[in-house]
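*Asks:* First, the structure itself, so that you have it in front of you.
What follows draws every value from the coordinates through simple rules; no lab data is involved. Predicted model, so just to flag it, every value in this text is computed and none were measured. Cβ atoms come from the backbone with ideal geometry, glycine included; neighbour counts cover every protein chain shown.
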Amino acid sequence: MRTEFTQVRAVSGPYTAYGRATLYRRQINAEGKVETGGGVVEVPFTVKGPTKEPEFGIAWGAIAGAVAGTAVLPGIGTVLGAKIGGVLSAPTKPQAEQKAP
């Protein structure tokens with residue numbers, strides 16, 4: 001049986017995660033965003049694989065953009081860098097899906 005979850009939202013302290021997920025034959029395929037600061041910084045993520053040992057991927061561009069933005073202009077640069085990096089990069093694919101060179 002295939003089960004789909006849409007508009008999933010989880011809150012823990014200053015963090016909010018939202019997205020969608022599909023469960024089918026004990027496999028999960030999910031994607032969404034984790035935000036902090038009231039939505040100021042968002043980091044896209046993916047979750048894929050068997051439900052007992054899923055693999056997680058995040059958009060490293062959002063983190064790299066935040067670091068670069070902080071170096072250039074602390075405060076607002078962090079936010080702008082994270083937003084731009086998150087838009088330009090997609091979450092990394094889990095090891096099982098990456099193609100060998």
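*Asks:* For Leu23 paired with Glu35, estimate the spin-label separation in nm (one decimal), with each label point 7 Å from Cα along the Cα-to-Cβ line.
*Replies:* About 2.6 nm separates the two model spin labels.
*Asks:* Work out from phi, with θ = phi - 60° and the Karplus expression 6.51 cos²θ - 1.76 cosθ + 1.60, the ³J(HN,Hα) of each residue of segment 20-34, listed in order in whole Hz, and give x for Gly and Pro.
*Replies:* Values, residue by residue: 9, 8, 10, 10, 8, 6, 6, 10, 10, 9, 9, 8, x, 9, 10 Hz.
*Asks:* Also: With angles folded into 0 to 90 degrees, how steeply does helix 76-88 sit against the dominant principal axis of the chain? Use alpha carbons for both and round to 10.
*Replies:* The two axes meet at around 40 degrees.
*Asks:* Viscosity 0.890 mPa s, temperature 25 °C: what is the translational diffusion coefficient of the chain from Stokes-Einstein with a Kirkwood Rh over Cα pairs, rounded to a whole number of µm²/s?
*Replies:* 169 µm²/s
*Asks:* Now, a different point. Compute the acute angle (0 to 90°) between the alpha-carbon long axis of helix 60-72 and the principal axis of greatest extent of the alpha-carbon atoms of the chain; round to the nearest 10°.
*Replies:* 10 degrees
*Asks:* Just to check I understand the Karplus step: with θ = phi - 60° and J = 6.51 cos²θ - 1.76 cosθ + 1.60, what whole-Hz values come out for segment 49-57, glycine and proline as x?
*Replies:* Coupling constants for segment 49-57: x, x, 5, 7, 9, x, 10, 10, x Hz.
*Asks:* Same structure again: Just grab the label-to-label distance for Thr3 and Thr70, each label 7 Å out from Cα along the Cβ direction, in nm (one decimal).
*Replies:* Result for the modelled spin labels: 3.8 nm.
*Asks:* If you don't mind, there's one more thing I want to ask. Below 12 angstrom from the Cβ of Arg9, what's the summed charge of the other residues (Lys, Arg +1; Asp, Glu -1)? All intermediate terms of the calculation are to be shown ahead of the outcome.
*Replies:* On the way: positive: Arg20, Lys33; negative: Glu35.
Here the count lands on +1.
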